[in-house]
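Structure first, commentary second.
The values are calculated or read from the model by the stated rules, or taken from the named source; none is laboratory data. Just so we're clear, the structure is a prediction, and the values are computed from it rather than from any experiment. Backbone-built Cβ (ideal geometry, glycine too); neighbour counts: all protein chains shown. SASA here: full protein model, heavy atoms, side chains in, ligands and nucleic acids out. Shrake-Rupley method; radii C 1.70, N 1.55, O 1.52, S 1.80 Å.
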Amino acid sequence: LITIADDPRTLGELGEFGLIRALTQRLPPSPRALVGIGDDAAVLATPDGRVVATTDFLLEGRHFRRDWSTGRDVGHKAAARSLADVAAMGAAPTALLVALAVPPDLPVGWALDLAAGLAAECERAGASVIGGDTAQAPDVRLAVTGLGDLAGRPPVLRSGAAPGDVVAVAGPLGHAAAGLALLSSGLRETSPSLVAAHLRPEPPYDAGPEAAGLGATAMIDVSDGLLADLGHVARASGVLIDLDPALLRPAEVLRTPGGSSARPGNPDHAQALRWVLTGGEDHSLVATFPPGLTLPARWTVIGRVLSSQDMLANQGTPTGQGALGVLVAGQPWQGGLGWDHFA
Ligand SMILES: [Mg+2]
């Protein structure tokens, strides 16, 4: 799949059916589809008998900017957002359905790049695009439905964390937020890897089924920020989670993006820790596991679910803003929370 950024036509000139044909050519067929793209609907084999299903918007101006992201970046991100949710249930991603609305003056090459990005991210996840729809809109809008397979295992819910469990994460934390901060400050060249983490997050999809197989009691992907997302787990499970800042260790690249402390916008350690705790959109997986397990190396233990005794001792912990059922070193975090879509 190559970049076709120099196709001089617009989508208005190509027409809807021309667009669908061009997009479909860039989407490999699914080995699980009994009926693939081209009929009124696809038919998917589901050997497990259950289907994990989730849907997500990706809206221009809200979730991406066309002056920052290529079509290919947006394709990767659109697929990653949905397929990470599938993996966070402990399922293997299988398929993607993509509803796409575009302005008529959008270059054809941009849309074909988008399809290439969708296909490439699906391949990372072991999934395929099996259908979709196109329409006109004043800007680029995607609604993406992800499907997945539990392979006979129970789903890993948000509500299963138990006192004494350990909390562990697979994948980076804070990188996408740091990349967004660099883009927003016009410092794109400072750290291409952090910027890439924002434009094209790389969820560790296979860590989802791996965690399920290891006996994870709860799991979520980090889309809104570690504190906010673990807060969902803590509330759904009725537990208090305590994160150990010594275990969180912001990656070196977060502390010195670009490798020079003299650069403007270069964060100190506190900023790096803030990105780790509250930065969203990395789509890493965070899970709780029963104590005493030996976890594979990619899972980093970052805290624990407090025991019933600890929870009693924490009954005086203030609630409301700053206390979402998640503590940092035994204290409510005072540095602000993650992304709230309606804030
Ligand atoms: Mg999620």
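Some points to look at:
- If the condition is being within 16 Å of the ligand (Cβ to nearest atom) and at positive phi, then segment 217-253 contributes only 225.
- Check on residue 195, outside any helix (DSSP H, G or I), open to solvent by less than 30 Å² (accessible area, probe 1.4 Å) and at negative phi: no
- Residue in segment 129-139 that is assigned to a loop (DSSP other than H, G, I, E, B) and either open to solvent by 40 Å² or more (accessible area, probe 1.4 Å) or in contact with a helix residue (DSSP H, G or I) (Cβ under 8 Å, 6 or more places away or on another chain) (or both) present: yes
Condition check ((1) more than 30 Å from residue 8 (Cα to Cα); (2) among the hydrophobic types (A, V, I, L, M, F, W, C)) across all residues:
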residue	(1), (2)
67	no, no
92	yes, yes
98	no, yes
124	yes, no
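- Selection of segment 49-74 for residues being touching a strand residue (DSSP E or B) at 6+ places or on another chain (Cβ under 7 Å), under 27 Å from residue 188 (Cα atoms) and more than 16 Å from the ligand (Cβ to nearest atom) yields 59, 60, 64, 66, 74.
- Among residues of segment 141-181, those that are among the aliphatic types (A, V, I, L, M), buried (at least 24 other Cβ atoms within 10 Å of the Cβ) and within 26 Å of residue 66 (Cα to Cα), counted: 6
- Contact annotation: residue pairs with Cβ atoms under 8 Å, 6 or more positions apart or on different chains, pairing a residue in segment 227-245 that is in a helix (DSSP H, G or I) with a partner that is acidic (Asp, Glu) and within 15 Å of the ligand (Cβ to nearest atom), are 228/340; 229/221.
- Of all the listed residues (178, 143), the sole one being touching a Phe, Trp or Tyr at 6+ places or on another chain (Cβ under 7 Å) and modelled with pLDDT under 95 is 178.
- Considering the conditions (1) more than 16 Å from the ligand (Cβ to nearest atom); (2) surrounded by 23 or more Cβ atoms within 10 Å (Cβ to Cβ); (3) under 17 Å from the mean Cα position of the chain (by Cα), residue 124 is excluded by exactly one of them, (2).
- Candidates 108, 98, 129, 102 - the one that is of a type outside the set (Ser, Thr, Tyr), more than 16 Å from the ligand (Cβ to nearest atom) and touching a Gly at 6+ places or on another chain (Cβ under 6 Å): 98
- Residue list for segment 205-216, restricted to those being more than 12 Å from the ligand (Cβ to nearest atom) and touching a helix residue (DSSP H, G or I) at 6+ places or on another chain (Cβ under 8 Å): 205, 206, 207, 209
- Of 335, 316, all but one fail to be surrounded by 12 or more Cβ atoms within 10 Å (Cβ to Cβ), modelled with pLDDT under 90 and not in a helix (DSSP H, G or I); the exception is 335.
- The selection criterion, being of a type in the set (S, T, N, Q), open to solvent by 20 Å² or more (accessible area, probe 1.4 Å) and within 16 Å of the ligand (Cβ to nearest atom), does not hold for residue 184.
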